[in-house]
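Peer 1: Structure in structure tokens, see below.
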Amino acid sequence: MDRVRLAEEDVEFCSIAGPIDIGTVAAFRAGMAARLDSAPAALVVDLTGVTFVGAVGVAALIAANTRAGQLGTVFAVVADSRPVLRPLQVTGVDRLLVVCPTLTEASCAVEAGVSRIPAQRAAR
């Protein structure tokens, strides 16, 4: 969605509203993939407007997190509602992803992680 500067590194933000289910997951995946294509320092996925997350949505988040890790990109999710948090908790994905209740907290988490990115990229 938007590219901003944070701690002198590029951070991509991706926001979605409504359900993430079999009918919408392709667009959700494509949106995250497009933002990861430029190998940003970080990607923050804002799910505060999401009303439902199906298994395909959880799988899409796992795949994006995996791809981000391969690129040395910090990956964080913003979620604050039960319909989003519950599927992540039940599947244990909340322990795999950085999940923050607000964009401010996600930005702080990303900023802390951004300082490690250059070393990871240099090591590749």
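Every number in this text was worked out from the coordinates using simple rules, so none of it is lab data. The structure presented is a predicted model; accordingly, all values stated were derived computationally and were not measured. For neighbour counting, all protein chains shown are included, and Cβ atoms are generated from backbone atoms with ideal geometry for every residue, glycine included.
Peer 1: What FRET efficiency do you get for SER15 and VAL90 if R0 is 25 Å and r is their Cβ-Cβ distance, rounded to the nearest 0.05?
Peer 2: That gives a FRET efficiency of 0.60.
Peer 1: OK, next. List every residue whose amide H lies under 5 Å from the amide H of SER81, counting only residues 5 or more places away in sequence or on a different chain, with H placed 1.01 Å from N in the peptide plane.
Peer 2: Residues meeting the criterion, in which the H sits 1.01 Å from N, do not exist here.
Peer 1: Can you put CYS100, CYS108 in order of Cβ neighbours within 10 angstrom, beginning with the fewest?
Peer 2: Working: CYS100 19, CYS108 14.
Ranked by crowding around the Cβ, least crowded first: CYS108, CYS100.
Peer 1: Net charge near ILE20, counting Lys/Arg +1 and Asp/Glu -1 over other residues with Cβ under 14 Å of its Cβ? Could the numbers behind the result be given before it?
Peer 2: Numbers: positive: ARG29, ARG86; negative: ASP21, ASP46.
Taking every other residue near ILE20 into account, the sum is 0.
Peer 1: Relative contact order for the stretch 2-116 using alpha-carbon pairs under 8 Å, separation at least 6, rounded to a whole percent? Intermediate results must be reported in sequence, preceding the final value.
Peer 2: Details: 197 pairs, mean separation 30.1, N = 115.
That works out to 26 percent.
Peer 1: What size of dipole, in debye to the nearest 20, comes out for the stretch 2-116 about its Cα centre when the only charges are +1 on Lys and Arg C-beta atoms and -1 on Asp and Glu C-beta atoms?
Peer 2: Working: 9 positive and 12 negative charges, 68 e Å.
Charge dipole of the stretch 2-116: 320 debye, to the nearest 20.
Peer 1: Quick query: amide H of VAL99 versus all other amide H atoms, modeled in the peptide plane; which residues come in under 5 Å with a sequence gap of 5 or more or a different chain?
Peer 2: Those qualifying (amide H under 5 Å, at least 5 residues apart or on another chain) are VAL77.
Peer 1: Amide H to amide H, which residues 5 or more places from THR51 or on other chains are under 5 Å from it, using H placed in the peptide plane?
Peer 2: GLY18, ILE20
Peer 1: Let me ask you something else. Along the positive direction of the dipole of the stretch 2-116 (beta-carbon charges: Lys, Arg +1; Asp, Glu -1; about the Cα centre), which of ILE20, PHE75, VAL45 reaches farthest?
Peer 2: ILE20
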